[in-house]
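The values are calculated or read from the model by the stated rules, or taken from the named source; none is laboratory data. What you see is a predicted model; the values in this text were computed from it and never measured. Cβ: placed from backbone, ideal geometry, glycine included. Neighbour counts: every protein chain shown.
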Amino acid sequence: MQIGAILTLAASNSNESGTHESLNDGARKRRQFLSNVPNPKLDLLGKSLLDRTADKLRQSGVKTTTVIAEGPTLTQLARSFVSSDAGATWDRAVAESVREGVQTLILLRAGAYTDLDFEEVLRFHGEQSATLTQVYAPDGSLDIAVVDARSLRNADGAYRKTLGALIPKQERFLYDGYVNRLRKPQDFRRLTEDALCGKCRLRPAGSEVGDGVWLGAGAQIDESCVIEGPVYIGAGTRIGAGCTIIGGSAIERDCEIDFGTTVEQSWILQQTYIGLSLTVRHSIVSNQKMFHLDRKAEIAITDSSLIRATKSLAFTQQGHQGGIVKNKLQIAS
């Protein structure tokens, strides 16, 4: 059986309550931290949700996966569609899958994280002899569906309309596992912490060098640092002398944490520099921005000596392990 997938990248256009709304670019940046990067492309413990989802699809027997920008979501199949470039792209992707002889098509929107096993959904779909199967969590649709591609072959290009007509006949796959909708910055922080604590199946991209301490390839940590797990330090990241990294913190790839700085219960996005002798607590930090998780407040940092973007630190060359002295590095138990 030939299985294909169409993976739609969710846009970062949710407000804090998780409802979607139309915003211009300026308003969106004011309302939503991390709005400048599609959520599925953000690194989470060394690997993006896009790459993690594509890997899971391959492991489930999917031969070809087409990735497109935000378009119609599966929960919109029952609604009236407005013509758009994204919708046309989505239709073309479905048409190409049908032409290539795909028998079973997985349709999903990468906007949330789940531990869903696609093989279980495919097995359920086959056992039910379903034309359309949609996946539901207790709080609603997960924007994941499996469709019998034979039902689309006579659609004459109107695939969204055809899928909408299948909604009343759908089978529901009820999923009660781990779900994080990733609707606001706090959700991203919770996912990194849950992953580090083993509460979900998302695993850090790197090697576990101590109890709950993961390092990406080429990470450099000065031997005077104190690391208290669970902690993730990404590929090519450099942690300077006298730093302390604790409390379920995650520092993504190609970052630099300068001398004497403490990072506690925080998530540092890729390619971020944090300056000398600072304390970062309960925060998400990106290039020139900090979001305080408790106060739900975004702060712009204009002083580049405090926070700025890094250039790729080029510590990830094959075979170069960054000079970590494991017997001297203080990894707290």
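Before we move on, is R253 charged (D, E, K, R), at pLDDT 95 or above and surrounded by 22 or more Cβ atoms within 10 Å (Cβ to Cβ)?
Numbers: charged (D, E, K, R): yes; at pLDDT 95 or above: yes; surrounded by 22 or more Cβ atoms within 10 Å (Cβ to Cβ): yes.
Considered against the rule, which asks whether it is charged (D, E, K, R), at pLDDT 95 or above and surrounded by 22 or more Cβ atoms within 10 Å (Cβ to Cβ), R253 comes out as yes.
Quick one: how many residues across the stretch 144-182 are buried (at least 21 other Cβ atoms within 10 Å of the Cβ) and closer than 19 Å to E120 by Cβ?
5
So which residues in the stretch 272-297 are surrounded by 18 or more Cβ atoms within 10 Å (Cβ to Cβ) and of a type in the set (D, E, K, R), if there are any at all?
K289, the sole residue that qualifies.
Quick one: would you say G177 is in contact with a strand residue (DSSP E or B) (Cβ under 7 Å, 6 or more places away or on another chain) and under 30 Å from D294 (Cβ atoms)?
Answer is yes for this residue.
List pairs: first residue in the stretch 177-199 and in the same structural domain as G248 (by TED's automatic domain parsing) and part of a helix (DSSP H, G or I), second residue surrounded by 20 or more Cβ atoms within 10 Å (Cβ to Cβ) and among the β-branched types (V, I, T) anywhere in the structure, Cβ distance under 7 angstrom, at least six positions apart or on different chains.
none
When the residues of the stretch 88-111 are filtered to those that are of a type in the set (G, A, S) and touching a Pro at 6+ places or on another chain (Cβ under 8 Å), which remaining residue is farthest from D148 (Cα to Cα)?
Only one residue fits best here, namely G111.
Just to verify a result, which residue in the stretch 90-118, among those that are in contact (Cβ under 8 Å) with a residue 60 or more places away in the chain and among the acidic types (D, E), is farthest from L44 (Cα to Cα)?
E100
Determine, yes or no, whether L116 is under 19 Å from R172 (Cα atoms), part of a loop (DSSP other than H, G, I, E, B) and modelled with pLDDT of 95 or more. Full working, then the answer.
Numbers: under 19 Å from R172 (Cα atoms): yes; part of a loop (DSSP other than H, G, I, E, B): yes; modelled with pLDDT of 95 or more: yes.
Considered against the rule, which asks whether it is under 19 Å from R172 (Cα atoms), part of a loop (DSSP other than H, G, I, E, B) and modelled with pLDDT of 95 or more, L116 comes out as yes.
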